[in-house]
C-alpha cells in the first residue's frame, strides 16, 4: 500500500514538472498585473486587508500559545489559545504591499479548491478539533505537537544543509538529539531553553528558491491548501524526508497524519475565522498572505 502511495506521489511530481516545462510556470509580472483580479481597483481595495492579514499571520507564528515556530501552512490557522489583543494588528499594520509577481492562471480551479477547503474546515476539521481539544488536556496536546515537530527534524536539517546553512543544520541535529533523549522521544522540548537551537524553519521549497528557481504559478490543493509550483515540488521532497511518511500500512499512516493535523488545529481555532472576516476577498487575501510569507521565509 505504501509503495502505491509513493508511486502516486512520484506521478504527481512528474505531472507538476511536465506542466512547468509546458510554459505554465512563468507568466511575466506585467502579464499577471494586467489579467489578475488583484490589479486595478480590486487590487487597491484588497491590498490593505491582505497586507495586514499577512502581518497578523506572521505575528501569530512568533507569538503563538507555546511560542514555538510553525510550518508554512500553520500560519493560516493559528489560534494561539487565544490572545484577543492580537486581532488588533489588522488595523495597526501599515498599508504596505509586497510585490507578488506570481501568476494565477488556474484561478477557477484555485477558487474551487479554496471553497472546498473552507467547507472542509468548517464542516469537519473544526468540529473534530474542538471535540479533541475538549477531551485532551493542553499539556498532552502540547506534547503531541512537540513530538511531530521533533520527528520532522530531517526535513529542516537536510534543507538547511542544501542551502549551505551549516550552523542551522547543526542546531537542528543538536535540538533533535536533546529532545529525543532528555525530552523523551520529543514529547518534551528542553532544547527551547537555548534559542540558538531554534533556527528559522527550512524546507525544500525554500531550498529550490535559493537555487534561483522561481515560484511558477499559484495553486491551491485540496486539503493541503495554498502553494506554488515550486513549493509543491518541494513539498513532495519533504514528504520523503518525513519519517512518518514510511509508516505502514497506509491506514496507519493516514491515522498518524490525521492526529497530527487535528492536534495542530486544536491550538488555532478562531484565527482563520478572523482572517476571513477581515478580508474583502478571502481568496485574494490568502493568496497574498501565502506568497508574502513564503517570500519572507526565503529571504531569512
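Within region 251-258, the presence of a residue that is over 17 Å from the mean Cα position of the chain (by Cα) and under 25 Å from residue 160 (Cα atoms) is excluded. Exactly one residue out of 183, 212, 234 is without any contact (Cβ under 8 Å) to a residue 40 or more places away in the chain, in contact with a helix residue (DSSP H, G or I) (Cβ under 6 Å, 6 or more places away or on another chain) and in a loop (DSSP other than H, G, I, E, B), and it is 183. Considering the conditions (1) in a helix (DSSP H, G or I); (2) closer than 26 Å to residue 237 by Cα, residue 105 is excluded by exactly one of them, (1). Taken over region 117-166, the criterion of being closer than 27 Å to residue 180 by Cα, out of contact with any helix residue (DSSP H, G or I) (no Cβ under 8 Å at 6 or more places or on another chain) and in a helix (DSSP H, G or I) is satisfied by 135, 138, 139, 140, 142, 143, 147, 149.
Looking only at region 266-280, decide whether some residue is more than 16 Å from residue 118 (Cα to Cα) and buried (at least 22 other Cβ atoms within 10 Å of the Cβ). Step through it out loud before you land on a result.
Looking only at region 266-280, we keep the residues that are more than 16 Å from residue 118 (Cα to Cα), and these are 266-267.
Filter once more, keeping what is buried (at least 22 other Cβ atoms within 10 Å of the Cβ): 266-267.
Yes.
Looking only at region 281-300, residues that are more than 30 Å from residue 210 (Cβ to Cβ) and crowded, with 19+ Cβ neighbours inside 10 Å come to 1 in all. Only one entry in 247, 220 is buried (at least 17 other Cβ atoms within 10 Å of the Cβ) and on the phi < 0 side of the Ramachandran plot, namely 220. All of (1) in contact (Cβ under 8 Å) with a residue 40 or more places away in the chain; (2) in a helix (DSSP H, G or I); (3) within 20 Å of residue 154 (Cβ to Cβ) hold for residue 272 with one exception: (3). Annotation: of all residues in region 186-209 being touching a residue at least 60 places away in the same chain (Cβ under 8 Å), in contact with a helix residue (DSSP H, G or I) (Cβ under 8 Å, 6 or more places away or on another chain) and part of a helix (DSSP H, G or I), the one that is surrounded by the fewest Cβ atoms within 10 Å (Cβ to Cβ) is 209. Applying the set (1) at negative phi; (2) in contact (Cβ under 8 Å) with a residue 60 or more places away in the chain to residue 225 leaves exactly one unmet item: (1). Looking at 248, 260, can you tell me which residue is in contact with a helix residue (DSSP H, G or I) (Cβ under 8 Å, 6 or more places away or on another chain) and at pLDDT 95 or above? Of 248, 260, the one residue that is in contact with a helix residue (DSSP H, G or I) (Cβ under 8 Å, 6 or more places away or on another chain) and at pLDDT 95 or above is 260. If you go through region 114-135 one residue at a time, do you hit one that is over 22 Å from residue 289 (Cα atoms), more than 21 Å from the chain's Cα centre (by Cα), in contact (Cβ under 8 Å) with a residue 24 or more places away in the chain and crowded, with 19+ Cβ neighbours inside 10 Å? For region 114-135, residues over 22 Å from residue 289 (Cα atoms), more than 21 Å from the chain's Cα centre (by Cα), in contact (Cβ under 8 Å) with a residue 24 or more places away in the chain and crowded, with 19+ Cβ neighbours inside 10 Å: present. Just one of the listed residues (220, 259) is part of a strand (DSSP E or B) and in contact (Cβ under 8 Å) with a residue 12 or more places away in the chain, and it is 220.
The values are calculated or read from the model by the stated rules, or taken from the named source; none is laboratory data. On a predicted model such as this, the values are computed, not experimentally measured, just so you know. Glycine gets a Cβ as well: all are built from the backbone with ideal geometry, and neighbour counts include every protein chain shown.
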